[in-house]
1. Kindly indicate the residue of region 92-107 that is more than 19 Å from Thr52 (Cβ to Cβ) and within 12 Å of the chain's Cα centre (by Cα) and also most open to solvent (accessible area, probe 1.4 Å) among those meeting that condition.
2. Could you tell me which residue of region 76-89 is surrounded by the fewest Cβ atoms within 10 Å (Cβ to Cβ), considering only residues that are touching a Pro at 6+ places or on another chain (Cβ under 7 Å) and not aliphatic (A, V, I, L, M)?
3. What's the number of the condition Ala23 fails, among (1) under 15 Å from Tyr79 (Cα atoms); (2) open to solvent by less than 50 Å² (accessible area, probe 1.4 Å); (3) touching a residue at least 60 places away in the same chain (Cβ under 8 Å)?
4. So in region 108-121, with the set limited to residues that are in contact (Cβ under 8 Å) with a residue 40 or more places away in the chain, in a strand (DSSP E or B) and out of contact with any Gly (no Cβ under 8 Å at 6 or more places or on another chain), which one is least open to solvent (accessible area, probe 1.4 Å)?
5. Can you tell me how many residues in region 40-75 are open to solvent by 50 Å² or more (accessible area, probe 1.4 Å) and either touching a residue at least 60 places away in the same chain (Cβ under 8 Å) or within 18 Å of Val5 (Cβ to Cβ) (or both)?
Amino acid sequence: QVQLVESGGGLVQPGGSLRLSCAASGSIFSIYAMGWFRQRPGKQRELVALITSGGGTNYADSVKGRFTISRDNTKNTVYLQMNSLKPEDTAVYYCNADLQVVVTHTRALYWGQGTQVTVSS
């Protein structure tokens, strides 16, 4: 079994910062790309940022220069540092991981349960 557990969401004022964390645990053999997505009210889920196992990154245009994705491979954890937050960043944020499990080496995409980020004064 594999679990992804997010933390760090909450309420913040415009211009503020939050740091999200997502820890993967369970029968993990190897983790490839990890990412953050978000679903804003009334919208489809969208990519926020991705990071490869080698540290390469990709960002949505709307967050470039404000958000930073990073990972700690020793802890199977991905982070999202969010600065200069705007009301339009309000969403449920989900992490995912492209990984292989032990024994069968089956590769699949796993998702966390989501964490709410609200940017409001």
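1. If we take residues in region 92-107 being more than 19 Å from Thr52 (Cβ to Cβ) and within 12 Å of the chain's Cα centre (by Cα), then Val92 is most open to solvent (accessible area, probe 1.4 Å).
2. Of the residues in region 76-89, the ones touching a Pro at 6+ places or on another chain (Cβ under 7 Å) are 85-87.
Checking the rest, the ones that are also not aliphatic (A, V, I, L, M) come to 86-87.
Working: Lys86: 13, Pro87: 11.
Looking at residues that are touching a Pro at 6+ places or on another chain (Cβ under 7 Å) and not aliphatic (A, V, I, L, M), I get Pro87.
3. (3)
4. Within region 108-121, the subset in contact (Cβ under 8 Å) with a residue 40 or more places away in the chain is 110-121.
Going one step further and asking which of them are in a strand (DSSP E or B), we end up with 110-111, 115-119.
Restricting the remaining residues to those that are out of contact with any Gly (no Cβ under 8 Å at 6 or more places or on another chain) gives 110-111.
Working: Tyr110: 63, Trp111: 98 Å².
Within region 108-121, the match that is least open to solvent (accessible area, probe 1.4 Å) is Tyr110.
5. Our first condition is that a residue be open to solvent by 50 Å² or more (accessible area, probe 1.4 Å); within region 40-75, this holds for 40-47, 50, 52-54, 57-58, 61-62, 64-65, 68, 73-75.
With the extra rule that they be either touching a residue at least 60 places away in the same chain (Cβ under 8 Å) or within 18 Å of Val5 (Cβ to Cβ) (or both), the set shrinks to 73-75.
Selection size over region 40-75: 3.
The values are calculated or read from the model by the stated rules, or taken from the named source; none is laboratory data. This structure is a prediction, so every number in the text was calculated from the model and none was measured. FYI the Cβ positions are ideal-geometry reconstructions off the backbone, even for glycines, and counts take in every protein chain you see. Remember, those area values only see protein heavy atoms, side chains included, never the ligands or the DNA or RNA. Shrake-Rupley method; radii C 1.70, N 1.55, O 1.52, S 1.80 Å.
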